[in-house]
Amino acid sequence: MIDFFITFILSLIAYLFLTASAGEIAGLWSIFEVVLGIVLSVIVSFMATRVLFQKRSYRMLNPARWIIFLIYLIGPFFWAMIKANIDVAYRVITGKINPGIVKISPELKTDLGITLLANSITLTPGTLSVDIDEETNDLYIHWINVTTLKPTTADICGTFPQWVRRIAE
Amino acid sequence: MGILLIVLYIFLTIGIIFNCLGSIGLLRFPDVYTRLHASTKNTTFGSIFTCLAVIIFSFYQLHLTQDSKFLVLALHTFIALVCLLVTNPTGAHAISRAAHRSGVMPKQAVIDQLKEAKLK
């Protein structure tokens, strides 16, 4: 039941976010819009509750995790992205590459954690996640400038696993 | 407005430069994986800055005209930005995984541990 309610709230927020314009309620929505949003959210919740709560874990409802996630996005992640883009720009202009696919073991346990880390890796310097070993959660990373043949996790993604552990585990 | 306009132009310029570099990288790099590096990272970064420029512009217009359609513009741009940030790396991951599975090997590679893992 609580799963259904959370899905309902999330889809209602998404709907209201997309339809905000002039109206009676708070100056942003018309009454018709809100009623339609509630009806559609109920329908969506019936369909999507099972998808959203496959493992029945509620740890992401903790607001402290969202705040850490925001800090992570604005701080270390954005800084790594700036470095990544200057790095790729340098390689586009000079054409110096030394690519290879290496394996790292970030030792994360949850699906959300590994997804977050894989997406972070793709957007940060010189690395692109190619494949995942679903039993051990090892990631295979395409590295554009291979410096060592046996890299540690810190060589590839710096402090990201610690941050992801704080956010998603 | 003067400073805001300058910031806006700087953001637009950064965005266009990086999107442009992404396209050049697409032409210059030798294989799928390195091309994905250029196209994912640079276009995401460039799009973040063009979106920020649109958001700044719409908030300025909102302040000027009090017309709520500019708030809508800002909100929708923000949603587009979030979707880009989530879907761009996911798409790149899907493409590179599919490429490796169908036998496209990275060119000039010094090491390929995924291939070694599959052979075992």
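Please verify whether residue B:69 is within 11 Å of the chain's Cα centre (by Cα), at negative phi and charged (D, E, K, R), treating the condition exactly as stated.
No, not satisfied.
Just wondering, is there one or more residues in segment A:63-77 that are at pLDDT below 85, more than 10 Å from chain B (Cβ to nearest Cβ), under 19 Å from the mean Cα position of the chain (by Cα) and part of a loop (DSSP other than H, G, I, E, B)?
No, because not a single residue in segment A:63-77 is at pLDDT below 85, more than 10 Å from chain B (Cβ to nearest Cβ), under 19 Å from the mean Cα position of the chain (by Cα) and part of a loop (DSSP other than H, G, I, E, B).
What are the pairs, 6+ residues apart or on separate chains, where a residue within segment B:57-68 that is more than 17 Å from residue B:7 (Cα to Cα) and surrounded by 11 or more Cβ atoms within 10 Å (Cβ to Cβ) has its Cβ under 6 Å from a residue that is modelled with pLDDT under 90 and not hydroxyl-bearing (Ser, Thr, Tyr)?
Listed pairs, sorted by first residue: B:62/B:70; B:62/B:71; B:68/A:22.
What residue, among those in segment B:99-120 that are under 19 Å from residue A:138 (Cβ atoms) and exposed (fewer than 14 other Cβ atoms within 10 Å of the Cβ), is farthest from the chain's Cα centre (by Cα)?
In this case the residue turns out to be B:120.
So, residue B:96, is that one at the interface with chain A (Cβ under 9 Å from one of its Cβ atoms) and modelled with pLDDT of 85 or more or not? Give the derivation first.
Details: at the interface with chain A (Cβ under 9 Å from one of its Cβ atoms): yes; modelled with pLDDT of 85 or more: yes.
Yes; evaluated as a whole, the condition is true for this residue.
Can you confirm whether residue B:42 is of a type in the set (S, T, N, Q), within 10 Å of another protein chain (Cβ to nearest Cβ) and closer than 25 Å to residue A:14 by Cα?
no
Results for (1) of a type in the set (A, V, I, L, M); (2) in the same structural domain as residue A:163 (by TED's automatic domain parsing); (3) modelled with pLDDT under 85, shown as yes or no for each residue.
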| residue | (1), (2), (3) |
| --- | --- |
| A:8 | no, no, no |
| A:13 | yes, no, no |
| A:17 | no, no, yes |
| A:21 | no, no, yes |
| A:26 | yes, no, yes |
| A:30 | no, no, yes |
| A:37 | no, no, no |
| A:42 | yes, no, no |
| A:50 | no, no, yes |
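The values are calculated or read from the model by the stated rules, or taken from the named source; none is laboratory data. Since the model is a prediction, treat every value here as computed from it, not as a measurement. FYI the Cβ positions are ideal-geometry reconstructions off the backbone, even for glycines, and counts take in every protein chain you see.
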